[in-house]
Amino acid sequence: MSKLWSYMTEEDKKKYHELKNELVNAATKNEVRYYASQIHELLDKAELKMPKIEDQ
């Protein structure tokens, strides 16, 4: 996560913390799924910024 964190913008980091708090406070299964999905998308976005490692 720390390596991925370095590719996130400050705005993305703030959004991650907001979503994480919402996830912790979620009252229904649907809310949990929604916030987990949003976090997953945010992390995927950061992962796309990482350089690809080519097999040699």
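When Lys49, Lys3 are checked against the criterion of being surrounded by 10 or more Cβ atoms within 10 Å (Cβ to Cβ) and modelled with pLDDT under 95, a single residue qualifies: Lys49. Taking every residue in segment 32-56 that is closer than 17 Å to Lys3 by Cβ and assigned to a loop (DSSP other than H, G, I, E, B) and pairing it with any residue that is of a type in the set (A, V, I, L, M, F, W, C) and at pLDDT below 95, at least 6 positions away or on another chain, the pairs with Cβ-Cβ distances below 9 Å are Met50/Leu4.
The values are calculated or read from the model by the stated rules, or taken from the named source; none is laboratory data. As the structure is a computational prediction, the values presented were derived from the model and not from experiment. FYI the Cβ positions are ideal-geometry reconstructions off the backbone, even for glycines, and counts take in every protein chain you see.
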